[in-house]
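The values are calculated or read from the model by the stated rules, or taken from the named source; none is laboratory data. Keep in mind that what you see is a predicted model, and the values were worked out from it rather than measured. When we count neighbours, we look across all protein chains shown, and the Cβ atoms used for this are built from the backbone with ideal geometry, even at glycine. Calculation scope for accessible area: heavy atoms of the full protein, side chains included, ligands and nucleic acids excluded. Shrake-Rupley method; radii C 1.70, N 1.55, O 1.52, S 1.80 Å.
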Amino acid sequence: MPFITQFEPIQVTLQTDQVKDIPCGTKGGVMIHFEKIEVVNRLRKDYVYDTLLNYGVQYDKTWIYDKIHHEINQFCSAQSLQEVYIDKFDQIDERMKEALQVDCTQYAPGIEILSVRVTKPTIPQTIRRNFEHMEEEHTKVLIAVEKQKVAEKEAETQKKIALADAEKNSQVSKIRMEQMLTEKNSAKMQEEIDNQMYLAREKSLADADYYKVLKEAEANKLKLTPEFLELKFIQAIANNSKIFFGDKVPNMVLDQRLLGNFLNNGGNRQNLDM
């Protein structure tokens with residue numbers, strides 16, 4: 001009915017509430033401003049009536065807008081400017097989300113806090129310049145450290161290369177020495193084999209000569225008989241170009257036979273002496 005019945009549309013899908021211009025003071029007394037904080041939330045359908053009955057249509061003002069102001073001031077008052085602006089800034093989103101959800105779960109369970117996005121706060125100009133200068137110096141230090149790391153890596157790489165080259169040269173030298181020793185040992189073994197072959201050949205020749213001389217001596221010994229000597233004597237006389245005539249020829253033959261008998265007797269006496 002007009003002027004009696006009231007109607008309000010309620011969003012139960014995802015919505016983003018933007019909380020703007022939030023001032024806060026740090027532990028050191030520096031005033032800073034968060035220009036915008038976005039809170040993504042949703043009101044569950046089955047809790048719409050109870051939430052509106054308890055906190056009205058503007059339920060999000062109580063549990064999101066006002067709560068964000070309170071939690072941001074609580075956080076800043078316990079931190080220094082360095083921590084809020086740099087060191088712990090990446091933690092603010094998660095801490096705000098947890099703080100909102102804890103109270104909503106306890107007092108307004110129909111409200112779901114899905115995420116919180118916090119923008120970088122605005123700080124005094126002079127302090128901001130100091131932070132920028134500090135950041136520049138920090139960046140320079142990081143660059144110097146990185147350059148040092150690069151130089152150390154290059155030096156380490158050069159060292160590894162030098163060690164690899166030295167090890168390679170050492171291995172090559174070792175292989176060459178082993179090759180030279182192998183060649184020398186082979187040459188020595190070949191020389192020893194040649195010497196052994198030469199000694200064996202010389203020994204064989206000496207044995208052959210000895211055997212030949214020995215056999216010739218045995219043969220000569222067998223030949224040294226009175227008959228053989230007489231034959232040789234007669235042959236020697238026959239080969240003489242001088243011919244003798246007269247009574248002495250029989251005597252000459254007789255003298256030859258006496259010589260043969262003498263040699264025969266001498267050989268027998270030698271055998272007896274032995």
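Assorted remarks:
- Residue pairs, from the table K88/K153; K88/K147; K20/K120; K168/K188; K97/K120; K88/K120, whose Cα atoms sit over 22 Å apart: K88/K153; K88/K147; K168/K188
- Cα-Cα P(r), the chain, percent of pairs per 5 Å interval: 1, 4, 6, 7, 5, 5, 4, 4, 3, 3, 3, 2, 2, 2, 2, 2, 2, 2, 2, 2, 2, 2, 2, 2, 2, 2, 2, 2, 2, 3, 3, 3, 3, 2, 1, 1, 1, 0, 0, 0, 0, 0
- Quarter of Cα convex hull surface for region 121-182, i.e. mean projection, nm²: 5.1
- Accessible surface computed residue by residue for the chain, with neighbouring protein chains in place and a 1.4 Å probe, gives 76 Å² per residue.
- What the Cβ-Cβ distance of M31 and Q6 gives, at R0 = 41 Å and to the nearest 0.05, is a FRET efficiency of 0.45.
- Cα shape, region 140-222, gyration tensor, a/c 1.5 rule: prolate
- For the pair A206 and E218, label points projected 7 Å from Cα toward Cβ lie 2.1 nm apart.
- Of all accessible heavy-atom area on the chain, the percent that carbon and sulfur account for (1.4 Å): 57
- Computed E for Q18/K149 - FRET, C-beta separation, R0 45 angstrom, nearest 0.05: 0.55
- Protection proxy ranking, peptides 5-13, 95-103, average beta carbon neighbours within 10 Å, highest first: 95-103, 5-13
- Hydrodynamic radius by Kirkwood, which averages 1/r over all alpha carbon pairs of region 35-174, in angstrom: 19.8
- Sorted largest first, extent of region 1-65 alpha carbons per principal axis (Å): 56, 26, 18
- Counting 0.36 nm for each residue step from N73 to L231 and taking away their Cα separation leaves a gain of 41.3 nm.
- Cysteine residues of the chain whose C-beta has no other cysteine C-beta under 4.7 angstrom: C104.
- Charge dipole (debye, nearest 20) of the chain; +1 at Cβ of Lys and Arg, -1 at Cβ of Asp and Glu: 1520
- Viscosity 1.002 mPa s, 20 °C: Kirkwood-radius Stokes-Einstein D of region 55-123 over Cα pairs, µm²/s: 167
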